[in-house]
Each structure stands twice: as structure tokens, then as C-alpha cells.
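K.L.:
Right, I'll just put the structure down here and ask away after.
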Amino acid sequence: FVSWDQNAYGDNNVTITHNNELQLLEGLTSNLFVLYPGGILRTPAVSDGVLGGYARQLVLNNAAACGVTVEVGPIFLEDAHAWKEIFLTSSISLIVPVSKLILPTRTTGTYQVEDIWTMEKRDCDKKDDQLLWKKLYK
């Protein structure tokens, strides 16, 4: 399983499901979005088993107005180095930014945590008010 640590915006952890190819799919009660270089916003396809949530559809309908291209397709864990932003959507929270992606691994009976992606490591120089999730939330 994959855990998303949102401590920068509240002390929350969200478990994200994945398939055998390590494609990240969705949260237990939320949809997943990742911003790639070149302004490409990607979310997994409903045909991959994710639920097509209300807030997910709002983002899909309005992302182009924020200057991004939407792709519905796989989000591979191995591409984490390229991600600019990650956020979750749900009908309760609408949009929740993610500050860190951690991957718990089990070795010889104990769990260790590996940082896969953090907001601080992203390769962009956007000011906080220029983040895509904030534009979409408005």
C-alpha cells in the first residue's frame, strides 16, 4: 500500500490503492490527480477500477481553464521524480493537496518507510498561490 502524508496541511494519512504494475489508482474515499511537466494533469481511468467521483468530474471539467491538459490514464510510481503536484479529490473535502508520498516496506518483520515524493523536492518554482490545486479550488 501507499500512504500519503499531508502534514503540511493537517495531520492526515491517506492510503492509496495500486495494482500489480504499481499504478496508483485512488484513495479509499478519494480520487487521485498528479501534475506532470508541461502542464499535464493525469488521473486514472474509471476502466481501471476507480470510482468516477463528483469532485473528480469537476476537476476534469475545469482543468483546461487553469491552463492544463487533462489525461485519463495510468499513474506509475516509477514516475514520481517527475511529478510537480499531487492532490486528492472527494465530495467531502473537494481538493486536498498532498505534501509527501511514502512507501512502507517490510523487511525481516519490521516496517520501514521510504520517501518517494515530497512537495519540497518538486522541480518547479511556482509561488504558493500559483499551485494548480489552489486555482482549481477557486
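K.L.:
Pick from the stretch 68-93 the residues that are over 14 Å from TYR36 (Cβ atoms) and over 13 Å from the mean Cα position of the chain (by Cα): which of them is most open to solvent (accessible area, probe 1.4 Å)?
P.N.:
ILE92
K.L.:
What single numbered condition from (1) open to solvent by 20 Å² or more (accessible area, probe 1.4 Å); (2) farther than 22 Å from THR118 by Cβ; (3) outside any helix (DSSP H, G or I) fails to hold for VAL50?
P.N.:
Of (1) open to solvent by 20 Å² or more (accessible area, probe 1.4 Å); (2) farther than 22 Å from THR118 by Cβ; (3) outside any helix (DSSP H, G or I), only one is false for VAL50: (1).
K.L.:
Ok, one more. Identify the residue in the stretch 1-49 that is aliphatic (A, V, I, L, M) and modelled with pLDDT under 90 and, among all such residues, is nearest to ASN62 (Cα to Cα).
P.N.:
LEU25
The values are calculated or read from the model by the stated rules, or taken from the named source; none is laboratory data. Values in this document were obtained by computation on a predicted structure and should not be read as measured data. As a convention, Cβ positions derive from the backbone with ideal geometry for all residues, glycine included, and neighbour counts pool all protein chains shown. Just the protein is used for accessible areas: all its heavy atoms, side chains included, with ligands, DNA and RNA removed. Shrake-Rupley method; radii C 1.70, N 1.55, O 1.52, S 1.80 Å.
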